[in-house]
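See below for the structure under consideration.
The values are calculated or read from the model by the stated rules, or taken from the named source; none is laboratory data. Here the structure is a predicted model, which means the values were calculated and not measured. Here the Cβ is made from the backbone with ideal geometry for all residues, glycine too, and neighbour counts use every protein chain on show. What goes into the accessible areas is simple: the full protein's heavy atoms, side chains included, and nothing from ligands, DNA or RNA. Shrake-Rupley method; radii C 1.70, N 1.55, O 1.52, S 1.80 Å.
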Amino acid sequence: MTSVDSVQFNLESSLYQAYQASLVLGDLQGRDRSRALKHMAHALDSAKDEILEANTLDLEACEDMAVPDLIRDWLRLTPERLQGVVQMLEDLSVMVDPLEQGIATLSSGNGQTQAFTQLVPLGVVAFVYESLPALGAIAAGLCLRSGNSIILRGSADASQSNTAIAHALQRGLEAADLSPACITHLGAEQGSVLRDLLVKSQWVNLVIPYGRPSLVAKVEQSATAPVLKTGIGNCYLYWAASGQLDMVQWMIQDSYATEPDPVNAIEKVLINRDVSATMVRLLWESLKTAGFQVRVDQAFGTEPSDLETVDPAEWSQPYLSRTIAFRPVPSLDAAVQWINAHSSSHADCIATESYAESQEFCQKMNSATVYVNTSPRFCRNPSQSSQLALGMSNQKGHRRGPIGLTTLTTVKTIILGSGQVNP
């Protein structure tokens, strides 16, 4: 097994094995990677009881520590959540192989050469994640489908769950006659492992941190290997003067429907000052009835005396809870400027009946994804399976938006000559 759970181990050796495994994966036919994914799905399904028992041990250990409710929910596995991961691996196994798709073909102006590009694997991907043990399996599936090996480094609070999942996936690899080094699990009990892993840029081609902003910032600041930042929460909605109350209400509540981590949950709402106070109050009351905590900017004055006032620092920070803050703005331009300055920039929205206003909002927003009159709810495995994603990236760099199969690839350009020597 390539699960590094003992105190004594050689990180360099483990990374080298992962690198060698990535070379094998990249050379495989798509059907062989499909076969491996089917075995991984079957192995995970067969190990459900073992994984749930391990998860119970993790949850019991949290009872003796001051673990936030958010992390407890992220940590908790259920048969339904596990079955969802099994289904994602099965869906990946029948998906069109990204490495077997051509991208573009170009000819030179003189007709002497022809160039084409193709997708190729990155190599070794390190996934550093907080709680959320099921994400390790999803990340492993995406990496295998795209021809990459993966290093899994979960948090200590999910140690038992992460180990059980990694062992199950490795059994699936062995059943497919692949090296378990395609999925290397680094135990969280070795504190220095993460620091060392992040600076092994000679072996690690991409690091993806997933969790609270503090984890993402820590990885970004420490890594010498390329980092793909992820975003959770602090998404904004602009309620334009023409926007409908029922649309706004639905967009907010539906954005929280993804469990256990509603990635694109609307946490801040900017309200055009021409929206009637009655509609605003109706929205607040409906949200409180639905279990949300409502906070308001002091610009609303003294009228909502029953609501907590927003601290200015909160506008740039995610709540990661069912908390929503409201602020009045005079115009679309004011809303755009505020959102671009304060949101997490991975999913922001507008509710409006004006086509011109929606077009202007989309043009000016500096966000990876922009939603117009629709819920930004994040779904890892929507009905369009080609859109299967691990999370959302909010950076301008390697890739932005949903972290899917093509995010875990890069391109190779091949230039063919005509076979004739130019005089």
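So that you can scan it fast, the table gives a plain yes or no per residue for (1) at pLDDT 95 or above; (2) over 30 Å from V120 (Cβ atoms):
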position: A21; (1), (2): yes, no
position: D27; (1), (2): no, no
position: S34; (1), (2): yes, no
position: K38; (1), (2): yes, no
position: H42; (1), (2): yes, no
position: K48; (1), (2): yes, yes
position: E63; (1), (2): no, yes
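Can you tell me which residue in the stretch 358-371 is farthest from the chain's Cα centre (by Cα), limited to those that are open to solvent by less than 50 Å² (accessible area, probe 1.4 Å) and closer than 13 Å to Y238 by Cα?
S358
R76 fails exactly one of the following numbered conditions: (1) modelled with pLDDT of 95 or more; (2) under 25 Å from A18 (Cβ atoms). What is the number of that condition?
All conditions pass for R76, except number (2).
For C379, are the conditions met, namely being touching a Leu at 6+ places or on another chain (Cβ under 7 Å) and surrounded by 13 or more Cβ atoms within 10 Å (Cβ to Cβ)? Let's see the steps before the verdict.
Numbers: touching a Leu at 6+ places or on another chain (Cβ under 7 Å): no; surrounded by 13 or more Cβ atoms within 10 Å (Cβ to Cβ): yes.
Judged against the criteria, C379 is not a match.
Restricting attention to the stretch 145-165, does a residue exist that is assigned to a loop (DSSP other than H, G, I, E, B), more than 14 Å from I403 (Cα to Cα), open to solvent by less than 10 Å² (accessible area, probe 1.4 Å) and without any contact (Cβ under 8 Å) to a residue 40 or more places away in the chain?
Initially, the stretch 145-165 is screened for residues assigned to a loop (DSSP other than H, G, I, E, B), giving 146-148, 154-155.
Filter once more, keeping what is more than 14 Å from I403 (Cα to Cα): 147-148, 154-155.
Now drop any that are not open to solvent by less than 10 Å² (accessible area, probe 1.4 Å), which leaves 147-148, 154.
Among the residues that remain, those that are also without any contact (Cβ under 8 Å) to a residue 40 or more places away in the chain are: 154.
Yes, that holds for at least one residue.
Going through the stretch 29-74 one residue at a time, which ones are over 30 Å from L119 (Cβ atoms) and open to solvent by 70 Å² or more (accessible area, probe 1.4 Å)?
Those that are over 30 Å from L119 (Cβ atoms) and open to solvent by 70 Å² or more (accessible area, probe 1.4 Å): S46, D49, E50, E53, L57, E60, E63, D64, M65, A66, D69.
Going residue by residue through the stretch 235-243, is there one that turns out to be in contact with a His (Cβ under 8 Å, 6 or more places away or on another chain), open to solvent by less than 10 Å² (accessible area, probe 1.4 Å), within 19 Å of L70 (Cα to Cα) and in contact (Cβ under 8 Å) with a residue 60 or more places away in the chain?
yes
Counting just the residues of the stretch 382-405 that are open to solvent by 70 Å² or more (accessible area, probe 1.4 Å) and either β-branched (V, I, T) or over 16 Å from the mean Cα position of the chain (by Cα) (or both), which one comes out modelled with the highest pLDDT?
S383
What is the number of the single condition among (1) farther than 21 Å from V336 by Cβ; (2) buried (at least 20 other Cβ atoms within 10 Å of the Cβ) that A257 does not meet?
(2)
Name the residues in the stretch 152-183 that are within 15 Å of A134 (Cα to Cα), out of contact with any strand residue (DSSP E or B) (no Cβ under 8 Å at 6 or more places or on another chain) and of a type outside the set (A, V, I, L, M), would you?
Within the stretch 152-183, D157, S159, Q160, S161 meet the criteria.
Of everything in the stretch 75-102, what is touching a strand residue (DSSP E or B) at 6+ places or on another chain (Cβ under 9 Å) and open to solvent by 20 Å² or more (accessible area, probe 1.4 Å)? Give them in sequence order.
If the condition is that a residue be touching a strand residue (DSSP E or B) at 6+ places or on another chain (Cβ under 9 Å) and open to solvent by 20 Å² or more (accessible area, probe 1.4 Å), then L99, E100, Q101, G102 are the ones that fit.
At least 3 residues that are within 22 Å of the chain's Cα centre (by Cα), modelled with pLDDT under 95 and more than 22 Å from D297 (Cα to Cα) in each: list the helices (runs of 4 or more DSSP H) lying fully within the stretch 183-276 that qualify.
Details: elements: 191-198, 213-222, 245-254.
Passing ranges, in order: 191-198, 213-222.
Given (1) surrounded by 23 or more Cβ atoms within 10 Å (Cβ to Cβ); (2) under 17 Å from K218 (Cβ atoms); (3) in contact with an Asp or Glu (Cβ under 8 Å, 6 or more places away or on another chain), identify the lone condition not met by L198.
L198 satisfies every listed condition except (3).
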